[in-house]
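The values are calculated or read from the model by the stated rules, or taken from the named source; none is laboratory data. Because the structure is a prediction, the values reported are computed rather than measured. In this analysis, Cβ positions are derived from the backbone assuming ideal geometry, glycine residues included, and neighbour counts consider all displayed protein chains. Accessible surface areas use protein heavy atoms only, side chains included; no ligands, DNA or RNA. Shrake-Rupley method; radii C 1.70, N 1.55, O 1.52, S 1.80 Å.
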Amino acid sequence: MRTATRDLSTFVSGLSLEAVPEHVRHEAKRLVLDTLGCLIAGVDCEIGSIAGSMAAWFGEQSQATIAGKQTRGSVLGAIYANARTANALDFDETFPVGAHFGSAGVVAALALAEELGLSGAEMLLATVAGYELAGRVASYVGPVVHIDNGRVVGFPDVWGVAAPVVFAAAAATAKARHYDPSLFQQAIGLAGSNAPLPVGAQWSSAVDLPNCKYCDAGWCAVTGTVAALSAQEGSRGFTELLDGDRGLARMYGVANADSSLLTADLGQRFMLEDITYKPWPSCRFTHYALTALADLLREHRPLAVDSIQEVVVETGPLAASARFTNPEPATFASQQFSYPHMIAMMLLDVPPGPAWFDPKHAGDPAVRALKAKTRFIQHPRASRFAETFVRNQIRTMPGGITIVTSDDVYRAESDYARGDPWSPSCRFGDADILEKFAALVPGENGKELADAVMNLEHEASLSRIAAALGRASTKGRLQCP
């Protein structure tokens, strides 16, 4: 009997690089480069330091590279440390349901490629497979929103973003190890059965956010990889996990999931075509108002910061809770969700990345003054963005910024966020991806790594990427707690 789980397993397990359109292969390389930039930028921050230390608990084998370490670790140790660190600054890609999972697929593909001696082309294919499976699962589960009479009113009572992260790593692992459809299906069943608890309700109500974040991306990636490896060793799972009224989406609180999204247009449309990139290290839901601020500053610079009397943020129901409006974020993760903190960083021209989380900002009079001048209102169209959903994915989320100075009033709004692929004015071109990467990984090491990644399908091995990744560090360049 045909099922969505079986059809998806058959397609992804049988996918060849030649069958992936050139523009999708190119997008996969951009994803790898962006992920490695975020990974290196997070190495010396609070979360990166913890993740690097945790790697040793997964064994001392010399199998795969851990960012910032001269000695290699076990496959699982490298996957844990690199996946969690790549998400540490909240600077990594976002799939338009409000979930990040690209880093899990990338680091799992890299670690397996190192262990197995695979080529760059094989790593690239595993990365595509990870994003394809996870993106389809994420679309099936849908955005983390509660809709009442067509209006988005907030977050649902049960939600989480861990499952697609698990599936990205599981699919990348299964593809790297050349699983047939039957074994691939077992990997999916085991991955979904062991995905972490949907902790979104706790996360969305917290103000002082813990550094475990909305999910530990490292633990999710390890869960996915172990699920795939366990299937190869003989473990068996639920082979129709994604199907029926008791499938995965129902476990995540979705009453009426559209399972057709799991298999619609397989081979004709790839999930990497819907990827979004971040220009700022903050929650993607804040990027709509921040895009408006960037547009405003580009048009009206130089804008004298000391002349600012008020900054009014126009936002919506998903980015208006206390964790977003908090002017005094007390934790590392809280800074990534605090509008007042983000806006102060942008107005003061602090380079996006680890520098946004330098402890010196907490006591800086200029930063504190700008935070105190920030207030919030509801954007008039903010709750209607569900009307623009495409294939159960977010497309618009209207936001705006008004700056009142001693001389004038400036306002800008944006329905799209910088880095969205479906808006010509917001889409990240190659120059944008490379510019972001170069800012995070400057110098010859960064140039070597970028060259290897952008020519990934021609790399006979992962040696150049592994060497550059092992040398990576932000110490002495940018401060990060």
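A few points about this structure:
- If you go through segment 36-58 and pick out every residue that is in contact with a Gly (Cβ under 6 Å, 6 or more places away or on another chain) and either assigned to a loop (DSSP other than H, G, I, E, B) or buried (at least 24 other Cβ atoms within 10 Å of the Cβ) (or both), you end up with 6.
- The set of residues in segment 404-431 that are under 18 Å from the mean Cα position of the chain (by Cα), charged (D, E, K, R) and open to solvent by 40 Å² or more (accessible area, probe 1.4 Å) comprises ARG418, ARG427.
- Of VAL166, VAL207, VAL97, VAL199, all but one fail to be under 26 Å from ARG250 (Cβ atoms) and surrounded by fewer than 21 Cβ atoms within 10 Å (Cβ to Cβ); the exception is VAL199.
- Only residues that are crowded, with 22+ Cβ neighbours inside 10 Å and under 18 Å from SER414 (Cα atoms) were counted across segment 336-357, and they come to 3.
- Total residues in segment 274-315 satisfying the condition of being over 18 Å from ILE403 (Cβ atoms), in contact with a Pro (Cβ under 7 Å, 6 or more places away or on another chain) and not aliphatic (A, V, I, L, M): the figure is 4.
- Residues of segment 51-87 that are basic (Lys, Arg) and at pLDDT 95 or above: ARG84 alone.
- Tally, over segment 297-320, of residues that are surrounded by fewer than 21 Cβ atoms within 10 Å (Cβ to Cβ) and either among the aliphatic types (A, V, I, L, M) or touching a Leu at 6+ places or on another chain (Cβ under 7 Å) (or both): 7
- Meets criteria (modelled with pLDDT of 95 or more, polar (S, T, N, Q), part of a helix (DSSP H, G or I) and open to solvent by less than 10 Å² (accessible area, probe 1.4 Å)) for THR223: no
- Odd one out for ALA333, checked against (1) small (Gly, Ala, Ser); (2) open to solvent by 10 Å² or more (accessible area, probe 1.4 Å); (3) out of contact with any Ser or Thr (no Cβ under 8 Å at 6 or more places or on another chain): (2)
- Any hit, segment 392-400, residues being open to solvent by 60 Å² or more (accessible area, probe 1.4 Å) and either within 21 Å of LYS29 (Cα to Cα) or outside any helix (DSSP H, G or I) (or both): no
- ALA372 farther than 22 Å from ALA201 by Cα, open to solvent by 50 Å² or more (accessible area, probe 1.4 Å) and of a type in the set (Gly, Ala, Ser): yes
- ARG298 out of contact with any Lys or Arg (no Cβ under 8 Å at 6 or more places or on another chain), more than 30 Å from VAL409 (Cα to Cα) and assigned to a helix (DSSP H, G or I): no
- Meets criteria (more than 21 Å from the chain's Cα centre (by Cα) and of a type in the set (Val, Ile, Thr)) for VAL390: no
- Single residue of ALA88, ALA83 found to be of a type in the set (A, V, I, L, M), closer than 20 Å to VAL128 by Cβ and open to solvent by less than 10 Å² (accessible area, probe 1.4 Å): ALA83
- Those residues of segment 59-87 which are part of a loop (DSSP other than H, G, I, E, B) and closer than 17 Å to THR173 by Cβ, in sequence order: GLY59, GLN61, GLN63, THR65, SER74
- Qualifying positions in segment 169-196 - of a type in the set (D, E, K, R) and buried (at least 24 other Cβ atoms within 10 Å of the Cβ): LYS175
- Boolean, LEU266 is touching a residue at least 12 places away in the same chain (Cβ under 8 Å), open to solvent by 40 Å² or more (accessible area, probe 1.4 Å) and part of a loop (DSSP other than H, G, I, E, B): yes
- Here GLY37 meets the list (1) at pLDDT below 95; (2) within 27 Å of ASP430 (Cα to Cα); (3) of a type in the set (Gly, Ala, Ser) almost entirely, failing just condition (1).
- Within segment 116-136, tally of residues that are within 14 Å of HIS178 (Cβ to Cβ) and assigned to a helix (DSSP H, G or I): 7
- Test: GLY14 is small (Gly, Ala, Ser), within 28 Å of SER334 (Cα to Cα) and at pLDDT 95 or above: no
- Single condition PHE167 does not satisfy, out of (1) under 21 Å from SER260 (Cα atoms); (2) free of Cβ contacts under 8 Å to residues at least 60 places away in the same chain: (2)
- Candidates in segment 423-470 are the residues that are part of a loop (DSSP other than H, G, I, E, B), of a type outside the set (Ser, Thr, Tyr) and without any contact (Cβ under 8 Å) to a residue 40 or more places away in the chain; of these, the one that is farthest from ILE275 (Cα to Cα) is PRO442.
- Extreme residue, farthest from ALA138 (Cα to Cα), among residues of segment 230-249 that are open to solvent by 50 Å² or more (accessible area, probe 1.4 Å) and in contact with a helix residue (DSSP H, G or I) (Cβ under 7 Å, 6 or more places away or on another chain): GLN232
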